[in-house]
Amino acid sequence: MPGRKNIPNKLKLVKGTLQPCRETTITPKPKRDKGAYIKMRKGIMNKTAQQQWQFMAPELTAAGLLTPLEVYAFEMYCVAYAQ
């Protein structure tokens with residue numbers, strides 16, 4: 001279908017332009033397993049970064065904030081924290 005792509009509701013909310021009459025109903029939702037622990041990749045991070053992962057990952061996963069889509073960004077956070 002031609003035309004402009006829909007802007008996600010969360011982005012509209014951040015911009016301050018979200019209106020109930022213009023909310024999109026189709027929003028991608030990543031698969032979230034609230035009980036499953038997401039494992040870190042081996043050999044990528046140093047010891048401090050691994051400790052940060054082990055400290056934060058279980059809580060973020062339990063809250064539904066860490067999904068398989070966010071693993072690489074969270075890994076970069078752990079490495080930056082270690083530095």
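Restrict the check to region 25-40 and report whether at least one residue is modelled with pLDDT of 80 or more and surrounded by 11 or more Cβ atoms within 10 Å (Cβ to Cβ). Yes, region 25-40 contains a residue that is modelled with pLDDT of 80 or more and surrounded by 11 or more Cβ atoms within 10 Å (Cβ to Cβ). Given the structure, is residue 48 among the β-branched types (Val, Ile, Thr) and crowded, with 16+ Cβ neighbours inside 10 Å? When the stated conditions are applied, residue 48 does not pass them. Considering the conditions (1) outside any helix (DSSP H, G or I); (2) modelled with pLDDT under 80; (3) over 12 Å from the mean Cα position of the chain (by Cα); (4) on the phi < 0 side of the Ramachandran plot, residue 43 is excluded by exactly one of them, (4).
For region 55-69, which positions are free of Cβ contacts under 8 Å to residues at least 12 places away in the same chain and either in contact with a helix residue (DSSP H, G or I) (Cβ under 8 Å, 6 or more places away or on another chain) or not in a loop (DSSP other than H, G, I, E, B) (or both)? The answer is 55, 59.
The residue that is modelled with the lowest pLDDT, among those in region 12-22 that are surrounded by 11 or more Cβ atoms within 10 Å (Cβ to Cβ) and closer than 25 Å to residue 66 by Cα, is 13.
The values are calculated or read from the model by the stated rules, or taken from the named source; none is laboratory data. These numbers come from a predicted model, not from an experiment. Virtual Cβ from ideal backbone geometry, glycine too; neighbours counted across all protein chains shown.
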